[in-house]
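Here is the structure we will look at, set down as structure tokens.
The values are calculated or read from the model by the stated rules, or taken from the named source; none is laboratory data. Owing to the predicted nature of the structure, the values given are computational and were not obtained by experimental measurement. When we count neighbours, we look across all protein chains shown, and the Cβ atoms used for this are built from the backbone with ideal geometry, even at glycine. With ligands, DNA and RNA removed, areas are computed over all heavy atoms of the protein, side chains included. Shrake-Rupley method; radii C 1.70, N 1.55, O 1.52, S 1.80 Å.
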Amino acid sequence: MATSAVSFGALVTLEELVPSSSQFTQGASLRVTGKLQEYDIETAIASIVEGNASLKIDTQHLKVNLRIGSLYQFIGELLIDPSNQAILRARVGRNVDGMDLNLYHQSLQLLRDFQAEQMNSTTS
Amino acid sequence: MDALYNTHVKLLAFDFLKLTPSPTDPSSFFRRGKRLSRAETVGIVVTRDLKPGKFVKFTIDDGSGCISCVLWLNQLNSSYFSRRNPSDVRLIAQAATDFASDLQLGVLARVRGRITDYRGALQISVSDVVVERDPNMQILHWLDCMRSLVMLLARILDSDCSASCARICGVER
């Protein structure tokens with residue numbers, strides 16, 4: 001199977017990104033979505049929220065206009081410090097205001113189920 | 001006749017990367033027994049390498065994988081186009097240049113083109129690009145891809161997989 005040199009950002013919700021999750025791995029490439037709650041212009045660290053969960057995003061390598069209250073999607077690598085605090089070092093980011101979040105979550109789960117079914121059918 | 005052969009088939013990246021090249025025809029690829037030559041993907045541009053006047057190589061991440069793409073920018077110097085009407089070639093070259101400028105990191109892009117195999121790695125040789133402003137277009141692409149694969153499976157004698165996939169997607173068979 002052909003692979004690309006860059007890892008794809010695995011789709012994950014912020015509420016799923018807990019220390020006990022398999023996605024909560026040092027260096028994991030993830031795609032996350034959330035509303036921008038805070039942004040520190042000096043450190044370029046943003047904080048996004050989704051439901052009751054939040055995640056810090058290192059945006060220093062991005063050229064994206066960040067506006068508090070808008071919805072953003074970031075792809076990058078997860079960095080976990082010794083105290084188990086995670087931050088996503090983003091490679092790309094985009095404003096996704098207007099995204100239907102209910103549809104997004106339902107489709108995300110559908111996609112996972114579909115891929116799992118495809119994997120099962122090829123291995124069985 | 002292969003109905004999908006000249007169609008830009010919407011494919012999820014993880015599906016695209018499973019295509020198998022035809023041993024006899026370098027422009028043909030197989031997906032569950034169906035012969036394809038063209039594909040369409042929708043995802044975020046995550047890498048971009050521009051060589052002005054030659055090509056722009058970029059990667060589309062659609063959430064299920066990454067697809068390598070190449071958009072050729074050498075039409076005005078290429079022997080492949082030298083036999084064509086020069087004004088047509090200039091139009092093609094201008095369109096390619098415009099597409100290249102649209103392909104910026106982080107944008108959501110719909111990319112169509114021929115499936116090619118470059119040194120053992122599958123990629124899309126791009127024919128056209130549309131930057132999608134509506135963020136829901138990524139979701140729609142996922143759903144379109146899943147639905148089209150369910151329809152395809154329904155025609156293949158793999159009843160267990162097609163039935164369960166149809167159930168997951170809520171598609172009537």
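How about the range B:61-149: which trypsin sites (Lys or Arg not before Pro) there are in a DSSP loop, with at most 14 other Cβ atoms within 10 Å of their Cβ?
Answer in residue order: B:R83, B:R84, B:R119, B:R133.
Counting only pairs 8 or more places apart or on different chains, how many lysine pairs in chain B have C-alpha atoms closer than 24 Å?
Lysine pairs satisfying the spacing and distance rule in chain B number 5.
Given 25 °C and 0.890 mPa s, compute D for chain A with the Stokes-Einstein relation, Rh being the Kirkwood radius over Cα pairs; round to the nearest whole µm²/s.
159 µm²/s
Could you work out the relative contact order of chain A, using alpha carbon pairs under 8 angstrom and six or more residues apart, expressed as a whole percent?
Computed value for chain A: 21 percent relative contact order.
Chain A: longest stretch without exposed trypsin sites (Lys or Arg not before Pro) (DSSP loop, at most 13 other Cβ within 10 Å), sites themselves excluded?
A:1-62
For the range B:1-99, rounded, prolate or oblate, judged on the Cα gyration tensor with a ≥ b ≥ c (square roots of eigenvalues), a/c < 1.5 rounded, else prolate if a/b > b/c?
In terms of gyration-tensor shape, oblate.
By how many degrees, 0 to 90 and rounded to 10, does the Cα axis of helix B:136-154 deviate from the longest principal axis of chain B?
On a 0 to 90 degree scale, this one is about 50.
Relative to the first principal axis of the alpha-carbon coordinates of chain B, what is the inclination of helix B:159-169, with its axis defined by its Cα atoms, in degrees from 0 to 90 and to the nearest 10?
70 degrees
Where in the range B:99-124 is the amide nitrogen less than 17 Å from a point lying 7 Å along the Cα-to-Cβ axis of A:A5?
B:105, B:118-124
Taking 0.36 nm per intervening residue step and subtracting the Cα-Cα distance, what contour gain separates B:Y5 from B:S78 on full extension? Don't skip to the end; give the middle numbers.
Numbers: separation 73, 0.36 × 73 = 26.28 nm, distance 2.65 nm.
Difference between extended and current length: 23.6 nm.
Would you compute, from DSSP H runs of 4+ residues alone, the mean residue ellipticity of the protein assembly as shown at 222 nm, taking -39500 (n - 2.57) per run and dividing by the full residue count, rounded to the nearest 500?
Working: 5 runs with 74 residues, N = 297.
That comes out to -8000 deg cm²/dmol.
Interface A/B, total buried accessible area with a 1.4 Å probe, nearest 100 Å²?
On the way: alone 8140 and 10130 Å², together 15240 Å².
Summed over both sides, the interface buries about 3000 Å².
Taking the full set of protein chains and a 1.4 angstrom probe, give the accessible area of A:I41 in square angstrom, rounded to the nearest 10.
Using a 1.4 Å probe on the heavy atoms, I get roughly 140 Å².
On a 0 to 90 degree scale, rounded to 10, what angle separates helix A:101-123 from the longest Cα axis of chain A?
Helix A:101-123 and the main axis of chain A meet at about 30 degrees.
Report the full-extension gain for the segment A:V64 to A:V18: residue separation times 0.36 nm, less the Cα-Cα distance, to one decimal in nm.
Working: separation 46, 0.36 × 46 = 16.56 nm, distance 2.68 nm.
Full extension from A:V64 to A:V18 adds 13.9 nm.
What is the protein assembly as shown by shape, rounded, prolate or oblate, if you read a ≥ b ≥ c off the alpha carbon gyration tensor as root eigenvalues and call it rounded for a/c under 1.5, prolate for a/b larger than b/c, and oblate otherwise?
Since a/c reaches 1.5 but b/c is at least a/b, the shape of the protein assembly as shown is classed as oblate.
Run the simple label-point estimate for B:S27 and A:D97 please: 7 Å along Cα→C-beta, distance reported in nm.
4.6 nm
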